[in-house]
Structures are given as structure tokens and as C-alpha cells.
1. Kindly establish whether Ala86 is small (Gly, Ala, Ser) and surrounded by 13 or more Cβ atoms within 10 Å (Cβ to Cβ).
2. Where residues in the range 92-121 are of a type in the set (D, E, K, R) and at pLDDT below 75, which of them is most open to solvent (accessible area, probe 1.4 Å)?
3. Counting only residues that are part of a loop (DSSP other than H, G, I, E, B) and among the hydrophobic types (A, V, I, L, M, F, W, C), which one in the range 52-73 is modelled with the lowest pLDDT?
Amino acid sequence: MLSYRASLDISRALAQAVARLLCAHRVRIGTRRGRRVLGCFAQALLLLQFMRQRAAVADLARDNAVSLSTTYRYLHEALDVLAAQAPDLPEIAAAAVTRGDERLLLVPHLVGGAPRHAHRHRPRPRP
């Protein structure tokens, strides 16, 4: 397997701001130090790479050496933390959809769409 470094076209300040939000969330819910596979900054980068580059979740899991289910859990947790910063986001997103705004990235569980853990309930492929 070939390893490589990649760059993400976001500012370090943005990644650090998201990481601070995630750290504050972990303190609020009582997560003890060293109990997570990824630190706050790595989880922030995971989210930002998912949002900015539309990276596949399987690729994110592989690149961060975590399981697919852990990657989904980290992404949903980080999205929830960001959504808490804008509690009126569902109404804004719904209004944008009504207007036909094409520049809005919708995350289904933030605007009342697909259930958060829909990936767990998909049918298994038959042999």
C-alpha cells in the first residue's frame, strides 16, 4: 500500500475552532482523556474533509485507521456539535430548499430527512 500526505484547503484556524467545540462537547458529556481513538483535532479534520472534499466515509475510516462504524459515529457527533451552534439551521435549510437554492449542502439528519443511523439498516448483499 502506498502512503501519501494530502492537503485540505481550509484554514488551520477553522480546524482548531471545530476542534475546540468538539473538546468542549467531550468535557460536557464526561469523556475521559485517552478514551477515544481520534483526538479532537483529528475528529475535526475528519469532519472537514468529509464536508469539503465530499470524501467517502470508507476512505475516511481507512485513512484514520478506525472502523467504519466509528467513523460514522464521529461524523454524526461532530455534525451534531456544529448543528448545536446554529439551532435555526433546519428552518434556514428548509427555506433554501423551498427557494430552490442550489448552493446549500444538506445533511439529512439535520433537516429532518433520513434517520441518523440509516447506514446500519441497509440490507446485506446476497452471495
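1. Numbers: small (Gly, Ala, Ser): yes; surrounded by 13 or more Cβ atoms within 10 Å (Cβ to Cβ): no.
Answer is no for this residue.
2. Arg103
3. Ala55
So that you can scan it fast, the table gives a plain yes or no per residue for (1) part of a helix (DSSP H, G or I); (2) touching a Phe, Trp or Tyr at 6+ places or on another chain (Cβ under 9 Å); (3) in contact (Cβ under 8 Å) with a residue 24 or more places away in the chain; (4) open to solvent by 20 Å² or more (accessible area, probe 1.4 Å):
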{"position": "Asp9", "(1), (2), (3), (4)": "no, no, yes, yes"}
{"position": "Leu21", "(1), (2), (3), (4)": "yes, no, yes, yes"}
{"position": "Leu38", "(1), (2), (3), (4)": "no, yes, yes, no"}
{"position": "Leu46", "(1), (2), (3), (4)": "yes, yes, yes, no"}
{"position": "Phe50", "(1), (2), (3), (4)": "yes, no, yes, yes"}
{"position": "Glu77", "(1), (2), (3), (4)": "yes, no, yes, yes"}
{"position": "Pro90", "(1), (2), (3), (4)": "yes, no, no, yes"}
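The values are calculated or read from the model by the stated rules, or taken from the named source; none is laboratory data. All values reported here derive from a predicted model rather than from experimental measurement. As a convention, Cβ positions derive from the backbone with ideal geometry for all residues, glycine included, and neighbour counts pool all protein chains shown. Quick note on the areas: whole protein, heavy atoms, side chains included, nothing else; ligands and nucleic acids left out. Shrake-Rupley method; radii C 1.70, N 1.55, O 1.52, S 1.80 Å.
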